[in-house]
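Novice: Okay, handing you the structure first.
The values are calculated or read from the model by the stated rules, or taken from the named source; none is laboratory data. Just so we're clear, the structure is a prediction, and the values are computed from it rather than from any experiment. A quick note on method: Cβ atoms are made from the backbone with ideal geometry, for glycine too, and the neighbour counts reach across all protein chains shown. For accessibility, only protein heavy atoms count, side chains too; no ligands or nucleic acids. Shrake-Rupley method; radii C 1.70, N 1.55, O 1.52, S 1.80 Å.
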Amino acid sequence: MSTTSSTAGLEPRRTEAVSGLFDALLDFSRSVRARGSDWATLTDDLSRGDLVTLGVVGVHGAIRPGHIAAKLGVDPSVVSRQLAGLHRLELVERGTDPADRRAELISLTAAGHERLREARRTMCAALGERLDHWDVDQVVQATAVVEDLGRRLHEPLTRPHPTTHAAVKERP
C-alpha cells in the first residue's frame, strides 16, 4: 500500500476530528463568556473588560494604548474609555514614551498591580474548584495543549482556504 493511499483514508477521519474540535472550541468560548458571573464577584467598580485590559498592561508593562487595543482585538476608542476609568480609579498611570515623546505609555500603579493579583487569585480559585476532579498532571497537560493551540491559532495559514465548506459538518 502506498503512503498516499494510506493517508488518504485518514482524511475524512481527520476532517471529522477537526470539526469536532471546532465545535468544542465554540462551546468552550461560550462557557468562558458565560462565566462572567465569576468576574462580577470580584469588584463593583470594574468590568470584565477593565480587568482584561489591566491584565494586558500587567503582562506588557509600559504599553501604548493602540497596542493594548491590538492585543485585545478591539477599537482604540474602547481602550481609551477603559483607560480613562482605570486612570480615575488610580489603577493605571499615563506616561510619555521615551522613544517617541509624542506617544503615551500606560502602566499599572501599585493599586493596579494589587487589584490584578486579587482578581487572578479569585479567578484561579474558581477555575481550580471546577477542575477539582483533575489531578495535577491533567491540569499541566491541558495547559500545554491550550498553549500550543493558542500559538498555532496566531500563525498565518500556509495554504489557501478551501473554496467549499462541504467538509464541515453541520451542528444539530
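Novice: Long-range amide H contacts for D97: which residues qualify at under 5 Å (H placed 1.01 Å from N, peptide plane, sequence gap of 5 or more or a different chain)?
Specialist: Here A103, E104, L105 satisfy the definition.
Novice: Amide H neighbours of R64 under 5 Å, at least 5 residues apart or on other chains, H built in the peptide plane: list them.
Specialist: I106
Novice: Just to check I understand the Karplus step: with θ = phi - 60° and J = 6.51 cos²θ - 1.76 cosθ + 1.60, what whole-Hz values come out for segment 99-115, glycine and proline as x?
Specialist: Values, residue by residue: 6, 8, 4, 7, 8, 9, 10, 10, 9, 7, 7, 4, 5, x, 4, 5, 4 Hz.
Novice: Using θ = phi - 60° and the Karplus curve 6.51 cos²θ - 1.76 cosθ + 1.60, what whole-Hz ³J(HN,Hα) does each residue of segment 19-27 get, with Gly and Pro shown as x?
Specialist: Here the 3J(HN,Hα) series is 4, x, 5, 4, 4, 5, 5, 4, 4 Hz.
Novice: Per the Cauchy relation, a quarter of the hull surface: what is the mean projected area of the convex hull of the alpha carbons in segment 15-158, in nm²?
Specialist: 11.4 nm²
Novice: Would you mind getting the accessible area per residue of segment 74-142, heavy atoms of the protein chains only, 1.4 Å probe, in Å²?
Specialist: 70 Å²
Novice: Let me ask another. Give me the percent of the accessible area of segment 37-108 that comes from carbon and sulfur atoms, probe 1.4 Å, all protein chains in place.
Specialist: Answer for segment 37-108: carbon and sulfur cover 50 percent of the accessible area.
Novice: Same structure, new question: Just grab the label-to-label distance for E155 and R30, each label 7 Å out from Cα along the Cβ direction, in nm (one decimal).
Specialist: It works out to 2.9 nm between the two label points.
Novice: Based on the alpha carbons, how large is the Rg to Rh ratio for segment 75-116 when Rh follows Kirkwood?
Specialist: Here the Rg-to-Rh quotient is 1.01.
Novice: Using alpha carbon coordinates only, what is the Rg to Rh ratio of segment 35-114, with Rh defined as the Kirkwood radius?
Specialist: 0.97
Novice: Are there any GluC sites (Glu not before Pro) in segment 43-146 that are in a DSSP loop and have at most 13 other Cβ atoms within 10 Å? List them by number.
Specialist: Answer in residue order: E90.
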